[in-house]
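The values are calculated or read from the model by the stated rules, or taken from the named source; none is laboratory data. On a predicted model such as this, the values are computed, not experimentally measured, just so you know. Every residue, glycine among them, receives a Cβ derived from its backbone with ideal geometry; neighbour counts consider all protein chains shown.
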């Protein structure tokens, strides 16, 4: 079975907070998720946010933004009209859409160019590719409304940054550790792999899929960490993402690579930047056991910047 682990991801940031956005009494978020081809499995909430675990990845909703990640054969762009209907087009300040190169593109119902054709019907945006065309790379579609909406970015004291590790070719020992034994729950896998040591103070919501596959959301206040694992030998993949800001991510990255032991991975760091480049002084120049093969850096006209790098064992 060819399951597509690498995700599609979108983020919408509002011009100002909408206290009613998180409500799901009208099943709005169920409708959004179903439009993409996924289903809601469970929900975890704090005072600041709701985290939905999906049949394919995750959805996070705050008063001022929405983050949605889907994998497999889902078509995330099909959720965009429902999101616009739910949020209101005039309330959207920024729209980001991200799609990594896929392992089984022939099994998808659309590619990035087709997705952009859909998105252009709703947003006057720009598309980019970070990384080489014939190796691991990232496609990004970005739009601001009004265009070049500098000054709408969150205040500097609200550290607005996201770290992603997108990992391929996991160690065979790790793959076996993520395949549940009879009667096991997600917590057993977390204990066996060391995931239980990640952000231990956060609330946890996790799920083991049949026949295998693991997803986790952890939240605290406005912060989240999420993991999704496809432990198939023919296309093993794991993703980690968090908005928990750190002055130095070296130890966090080492912790993640020690858990999954990928043969190669992509690091994506997004930040509302000011004077410095995204991740400057926060990301390691060297990662033990790996060599960096590519690095791309792009700063959008809104003030958000992305650092993209690929690493090989």
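List the strands (runs of 3 or more DSSP E) that sit entirely inside the stretch 250-313 and contain at least 1 residues that are in contact with a helix residue (DSSP H, G or I) (Cβ under 8 Å, 6 or more places away or on another chain). Quick ask: steps written out before the conclusion?
Values: elements: 262-272, 291-299, 304-312.
Correct list: 262-272.
Among 301, 277, which is surrounded by fewer than 18 Cβ atoms within 10 Å (Cβ to Cβ), over 20 Å from the mean Cα position of the chain (by Cα) and touching a residue at least 40 places away in the same chain (Cβ under 8 Å)?
301
Here is a check on your reading of the model: is residue 190 assigned to a helix (DSSP H, G or I) and either touching a helix residue (DSSP H, G or I) at 6+ places or on another chain (Cβ under 8 Å) or modelled with pLDDT under 95 (or both)?
Yes.
Listed residues 210, 251; which is without any contact (Cβ under 8 Å) to a residue 12 or more places away in the chain and under 24 Å from residue 295 (Cβ atoms)?
251
For the stretch 37-55, name all the residues that are in contact with a helix residue (DSSP H, G or I) (Cβ under 9 Å, 6 or more places away or on another chain), assigned to a strand (DSSP E or B) and exposed (fewer than 15 other Cβ atoms within 10 Å of the Cβ).
Answer for the stretch 37-55, where residues must be in contact with a helix residue (DSSP H, G or I) (Cβ under 9 Å, 6 or more places away or on another chain), assigned to a strand (DSSP E or B) and exposed (fewer than 15 other Cβ atoms within 10 Å of the Cβ): there is none.
What number of residues in the stretch 1-36 are closer than 16 Å to residue 66 by Cβ, touching a helix residue (DSSP H, G or I) at 6+ places or on another chain (Cβ under 9 Å) and touching a residue at least 12 places away in the same chain (Cβ under 8 Å)?
Of the residues in the stretch 1-36, 19 are closer than 16 Å to residue 66 by Cβ, touching a helix residue (DSSP H, G or I) at 6+ places or on another chain (Cβ under 9 Å) and touching a residue at least 12 places away in the same chain (Cβ under 8 Å).
Going through the stretch 221-240 one residue at a time, which ones are under 24 Å from residue 159 (Cα atoms), in contact (Cβ under 8 Å) with a residue 60 or more places away in the chain and surrounded by 23 or more Cβ atoms within 10 Å (Cβ to Cβ)?
Across the stretch 221-240, the qualifying residues are 224, 226, 239, 240.
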